[in-house]
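The values are calculated or read from the model by the stated rules, or taken from the named source; none is laboratory data. Please read all numbers here as calculations on a predicted model, not as lab measurements. For neighbour counting, all protein chains shown are included, and Cβ atoms are generated from backbone atoms with ideal geometry for every residue, glycine included.
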Amino acid sequence: MTQTTARLRELLSGPTMLVAPFVFDGLQAKIAASTGFDAVYMTGFGTAAARGLPDLGLLTMSEMVENVRTIAHAVNVPVICDADTGYGNAVNVWRTVREYEEAGAAALHIEDQVFPKRCGFLAGKQVIPIDQMVPKVRAACDARRDNKFVIIARTDALAVNGWDDVGRRARAYHAAGADLIFVDGIRTLDDLNRYVSELGDLPLLYNGALLPVPELARYGFKVTIHTGTLMAAFVRFRDAMRELKQTGTLDLPITGHLFSELIELLGVPEMEALSKKYMD
């Protein structure tokens with residue numbers, strides 16, 4: 001997917017913050033791309049949730065790669081991917097990068113949690129020592145066949161050890177070759193401001209929705225992965241199920257323009273054209 005890695009590098013070098021909404025399947029990715037987003041983010045939380053599982057390190061690399069492939073093949077925009085802890089030591093990280101790259105990812109992030117990891121916003125996280133994470137970052141950078149493939153190093157040390165350790169880790173990971181630095185667990189505006197004031201000289205990724213996108217853009221982040229779309233998928237589908245259960249109906253037309261929009265988004269006209277070309 002050299003085309004999407006080059007496109008992602010182009011977007012990252014531009015003057016505006018890239019917004020990549022959370023998606024966990026091909027339909028969500030298609031919706032995001034069709035509404036004008038220049039990239040999407042394959043969420044590990046959502047990938048686990050779509051399989052009925054919590055984000056507690058239960059999915060294997062092969063399960064994650066399968067979802068990378070599904071999403072990357074559904075859209076032509078760059079796909080930024082969660083790769084958890086890299087699924088092992090530095091050698092495992094090396095293979096993870098190869099697998100994600102082959103599946104069509106344009107970028108991935110690995111984190112410095114112990115295995116099994118936990119969702120970044122859950123309590124009880126633990127982190128590995130810096131001198132164990134740095135070789136993983138180096139292995140990730142060495143493994144890529146396409147030098148435009150973006151390596152993101154995530155640290156979960158904020159909730160565990162505080163800002164001093166976060167700063168040491170972020171700078172060590174960037175020095176080891178990471179293209180972007182991702183501090184997870186930013187819960188408050190004070191944290192958001194400190195993130196930028198202490199590490200703003202580094203290329204940063206922000207995960208969250210504390211402020212509207214135009215306000216976040218003023219902070220100088222290279223990328224925001226927007227978690228709001230994950231919660232919207234949960235809340236709106238849950239509410240539709242409740243409405244159907246309680247009232248016996250949904251206030252949505254099943255046929256008409258919505259159905260036409262959906263089948264067009266899914267590429268039915270293109271498939272029918274192929275069928276006509278080869279079968280008639």
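Taken together, the criteria place ALA72 among residues that are under 16 Å from the mean Cα position of the chain (by Cα), under 30 Å from ALA217 (Cα atoms), in the same structural domain as ASP146 (by TED's automatic domain parsing) and assigned to a helix (DSSP H, G or I).
Which one of GLY57, GLY44, GLY36 is farther than 19 Å from ALA83 by Cβ and either of a type in the set (D, E, K, R) or assigned by TED's automatic domain parsing to the domain that holds LEU205 (or both)?
Details: GLY57 fails: farther than 19 Å from ALA83 by Cβ; GLY44 fails: farther than 19 Å from ALA83 by Cβ.
It is GLY36.
Checked against the criterion of being assigned by TED's automatic domain parsing to the domain that holds ALA176 and farther than 25 Å from CYS141 by Cβ, the range 86-102 contains not a single residue that satisfies it. PRO269 falls short on exactly one of the conditions (1) in contact with a strand residue (DSSP E or B) (Cβ under 6 Å, 6 or more places away or on another chain); (2) of a type outside the set (D, E, K, R); (3) not in a loop (DSSP other than H, G, I, E, B), and that condition is (1).
Could you tell me how many of the residues in the range 150-193 are within 28 Å of THR4 (Cβ to Cβ) and either exposed (fewer than 15 other Cβ atoms within 10 Å of the Cβ) or of a type in the set (Ser, Thr, Tyr) (or both)? Outline the logic, then answer.
Initially, the range 150-193 is screened for residues within 28 Å of THR4 (Cβ to Cβ), giving 150-156, 170, 173-184, 186.
Still in the list and also either exposed (fewer than 15 other Cβ atoms within 10 Å of the Cβ) or of a type in the set (Ser, Thr, Tyr) (or both): 155, 173, 175.
So the answer is 3.
Residue by residue, here is whether (1) out of contact with any strand residue (DSSP E or B) (no Cβ under 7 Å at 6 or more places or on another chain); (2) of a type in the set (Lys, Arg); (3) under 20 Å from MET231 (Cα atoms) holds:
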{"position": "ALA6", "(1), (2), (3)": "yes, no, no"}
{"position": "LEU11", "(1), (2), (3)": "no, no, no"}
{"position": "GLY14", "(1), (2), (3)": "yes, no, no"}
{"position": "GLN28", "(1), (2), (3)": "yes, no, yes"}
{"position": "ILE31", "(1), (2), (3)": "yes, no, yes"}
{"position": "THR35", "(1), (2), (3)": "yes, no, yes"}
{"position": "ALA39", "(1), (2), (3)": "no, no, yes"}
{"position": "ALA50", "(1), (2), (3)": "yes, no, yes"}
{"position": "ASP55", "(1), (2), (3)": "yes, no, yes"}
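Determine whether the range 234-252 contains at least one residue that is within 26 Å of LEU11 (Cα to Cα) and of a type in the set (S, T, N, Q). Scanning the range 234-252 turns up no residue that is within 26 Å of LEU11 (Cα to Cα) and of a type in the set (S, T, N, Q).
Residues in the range 9-28 that are closer than 17 Å to GLY46 by Cα and surrounded by fewer than 19 Cβ atoms within 10 Å (Cβ to Cβ): 3 in all. Restricting the range 29-66 to residues that are touching a residue at least 60 places away in the same chain (Cβ under 8 Å) and among the hydroxyl-bearing types (Ser, Thr, Tyr), the residue that is surrounded by the most Cβ atoms within 10 Å (Cβ to Cβ) is TYR41. Taken as a whole, the structure places ARG168 among residues that are out of contact with any strand residue (DSSP E or B) (no Cβ under 8 Å at 6 or more places or on another chain) and among the basic types (Lys, Arg).
With respect to (1) under 23 Å from GLU198 (Cα atoms); (2) touching a helix residue (DSSP H, G or I) at 6+ places or on another chain (Cβ under 7 Å), the lone exception for ALA140 is condition (1).
What number of residues in the range 116-125 are of a type outside the set (D, E, K, R) and surrounded by 14 or more Cβ atoms within 10 Å (Cβ to Cβ)? It would help to see each step written out before you state the result.
If we filter the range 116-125 for residues that are of a type outside the set (D, E, K, R), which is where we start, we get 116, 119-124.
From the residues that got through so far, the ones that are surrounded by 14 or more Cβ atoms within 10 Å (Cβ to Cβ) too are 119-122.
Number of matching residues: 4.
Just one of the listed residues (ALA139, ALA106) is buried (at least 23 other Cβ atoms within 10 Å of the Cβ), in the same structural domain as THR60 (by TED's automatic domain parsing) and within 16 Å of the chain's Cα centre (by Cα), and it is ALA106.
Specify which of the listed residues (ALA32, ALA6) is assigned to a helix (DSSP H, G or I) and closer than 23 Å to GLU99 by Cα. Exactly one residue qualifies, and that residue is ALA6.
If you check LEU244 against the conditions, is it under 29 Å from ALA39 (Cβ atoms) and not assigned by TED's automatic domain parsing to the domain that holds ALA39? I'd like the intermediate steps shown before the answer.
Details: under 29 Å from ALA39 (Cβ atoms): no; not assigned by TED's automatic domain parsing to the domain that holds ALA39: yes.
For LEU244, the condition - under 29 Å from ALA39 (Cβ atoms) and not assigned by TED's automatic domain parsing to the domain that holds ALA39 - is not met.
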